[in-house]
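Right, one structure below, let's go through it.
Please treat every number below as a calculation from the coordinates, not as lab data. Note that the coordinates shown come from a computational prediction; the quantities given were computed from them, not determined experimentally. Glycine also receives a Cβ, built like all others from the backbone with ideal geometry; neighbour counts cover every protein chain displayed.
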Amino acid sequence: MERLLIIDGHSYAYRAFHAIRELHSPSGKPTNAIYGFIKMLAKLRAKVEPTHCIVIWDGGLSAERMAALPEYKAQRPEMPKDLESQLDEIVEYLDGAGIASFCRDGIEADDVIACIARRAEELNWMSVIASADKDFMQLVSPRIGLLNPHDKTEAVWTAEQVRAKSGVEPSQIVDWLSLMGDSVDNIPGVSGVGPKTAADLLKQFASIEQLFGRLDEVKSERLRAALSEAKERVQRNRELVRLHKVDCDFSPEEMAVKAPDGQRLRELYSRWGFRTMLAALEESLLQERQAALI
């Protein structure tokens, strides 16, 4: 069965950048994010053993979300210059390693990842999304799993892990996030409603539509008033949190894991001063040549 690994590129680049410090090429350029990303990618591939793989990069903020909430993600700091300077070289590595990558201006990575995962599901593929973004819990299904780098168990999340994390079903994640908001994305929720209260409300009412249609059944007067005041905000939040449909017309062949370009990788490892990786590559290429002679 085809198994697709979809990687949230910026999420892992940031993680690599902060995990490894003070690593530079022979010319003095920073290489910590490149090195860390390569190591993380190898670990992900060993875990998932994908037949297909693609790394998705953010192309900027969604115009629709910005129109709905101008403050959307406004609090996020600019990308560190030393990280930004390494992104193109990570893409160079992916090309040499036979791994597809994609970025389109004005389209958020989350929406592209969702589109690809849903397309793969239609093809009866198994997909694993590698990202720490909780928005992806809304996609979890029998054929779509999550690998959260913050989860030390390293388990591929199913609906069971989503329920354990949130208290609700994957199909309720959009409503759950809409009620409590998301400080990471600068989305305000209902005053006084956190993860547990949001989960309890959805356990009782199943959905936001049912909740606001039966608001008089909410026992707490304070909570009932807060929900009533925030009704329009919650409805708006659903459009911010829900992953949008975008164009992601990838063919299976484009995402298939291809044989690496040994000469290209040799040049890159030499440029970056990755001596251990270069030695391992040379050993691998030697073994391939010897096997070809047998």
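Which entries of Lys152/Lys203; Lys29/Lys134; Lys47/Lys134; Lys39/Lys165 have Cα-Cα distances beyond 24 Å here?
Over 24 Å apart, Cα to Cα: Lys152/Lys203; Lys29/Lys134; Lys39/Lys165.
Tell me which of Val234, Gly262, Ala292 sits at the most positive position along the dipole axis of the range 187-294, charges placed on C-beta atoms (Lys, Arg +1; Asp, Glu -1).
Checking the options against the dipole of the range 187-294, the answer is Val234.
At 0.36 nm per residue, minus the direct Cα-Cα distance, what do Arg3 and Ser220 gain on full extension? Give it in nm, one decimal, please.
Net length gain for the segment: 73.4 nm.
Which angle between 0 and 90 degrees, to the nearest 10, do you get for helix 109-122 versus the longest principal axis of the chain when only C-alpha atoms count?
So the helix axis and the longest Cα principal axis differ by about 90 degrees.
How far is helix 262-272 tilted off the main Cα axis of the chain, in degrees rounded to 10, range 0 to 90?
The answer is roughly 80 degrees.
R0 = 45 Å: FRET efficiency of Gln290 with Ala155, Cβ-based, nearest 0.05?
0.70
Full-extension gain between Lys165 and Ala206, please, as 0.36 nm times their residue separation minus the C-alpha to C-alpha distance.
In short, 13.0 nm is gained.
With a point put 7 Å past each Cα toward its Cβ, work out how far Leu123 is from Lys81 in nm, to one decimal.
About 4.2 nm separates the two model spin labels.
Considering only Ala159, Ala259, Ala33, give the residue with the highest GNM mean-square fluctuation for the chain, with springs between Cα atoms whenever their separation is below 10 Å.
Ala259
Under 16 Å from the 7 Å Cα→Cβ point of Ser228, by amide nitrogen: which residues of the range 203-217?
Counting backbone N atoms under 16 Å from the label point, the list is 211-217.
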